[in-house]
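In what follows, a single structure is set out as structure tokens and then discussed.
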Amino acid sequence: MGKLVTIGVYDFDAESFLQRLRHADVRVLFDVRQRRGVRGSEYAWANSQRLQAALAEAGIAYEHHPELAPTTELRRLQYAEDDRNSVGKRSRRELADEYIRRYTAEILDGADLAPIVSALPSHGTGALFCVERDPEACHRSLIARLLAETQDVTIEHLRPS
């Protein structure tokens, strides 16, 4: 049985992020972002090169899985729904129903999750990583749910304190 956590960027700083990963015994981080950068100087630590260096120093492996990232069109669909609801990207608490339906049909239904399952450590934990603070506001929760339903994987969602 594999163990997987999910984690985002928002409301973490580099130190608290790495501390949460260590506490969860994360051995490999699966980055499921299309663009591996985050706007805002407070999140510069989460940009790909800096993040990979910090993870390496912490002894955590890094894998990028852009095939699981939402397309630009799907992200725009979610942004439009956020605008309709007067919700900012960093304060979103849930995904739009249409986004969930289309992400599932266009990305997840054809996704090969075997590389993630096979990369889960036999001792320790893997982590699905994206940007949003709350998993319910991020596609990583959809990936995690599918893994829990179809593989022998337990899921925990990590949030900032």
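Which of the three applies to the stretch 1-55, rounded, prolate or oblate, going by the alpha-carbon gyration tensor with a ≥ b ≥ c and a/c under 1.5 meaning rounded? The shape class here is prolate.
Inter-part distance, the stretch 85-161 to the stretch 22-56, computed on C-alpha centroids, equals 16 Å.
Using the Cβ-Cβ distance between Glu15 and Thr154 with R0 = 22 Å, the FRET efficiency computed as 1/(1 + (r/R0)^6) comes to roughly 0.25. Backbone N atoms of the stretch 79-99 closer than 19 Å to the 7 Å Cα→Cβ label point of Asp109 belong to residues 96-99.
If the segment from Arg22 to Asp83 were pulled out straight at 0.36 nm per residue, it would be longer than the present Cα-Cα gap by 18.3 nm. Quote the Stokes-Einstein diffusion coefficient, in whole µm² s⁻¹, for the chain, based on the Kirkwood radius over alpha carbon pairs, a temperature of 25 °C and a viscosity of 0.890 mPa s. Taking Rh from Cα pairs, D becomes 155 µm²/s. Among Ala69, Ala144, Ala80, the residue with the largest mean-square fluctuation in a Gaussian network model of the chain, with springs joining Cα atoms closer than 10 Å, is Ala80.
Each stretch of four or more DSSP H residues adds -39500 (n - 2.57); spread over every residue of the chain, this sum gives -11000 deg cm²/dmol at 222 nm.
Highest mobility in the GNM of the chain, judged by mean-square fluctuation with C-alpha springs under 10 Å and restricted to Ser141, Ser118, Ser48, is found for Ser118. Computed over all pairs of different Cα atoms, the Kirkwood value for the hydrodynamic radius of the stretch 29-105 is 14.1 Å.
Each value in this text was obtained by applying a stated rule to the coordinates, not by laboratory testing. Owing to the predicted nature of the structure, the values given are computational and were not obtained by experimental measurement. Methodologically, a virtual Cβ is constructed for each residue, glycine included, from the backbone with ideal geometry; neighbour enumeration extends over all protein chains shown.
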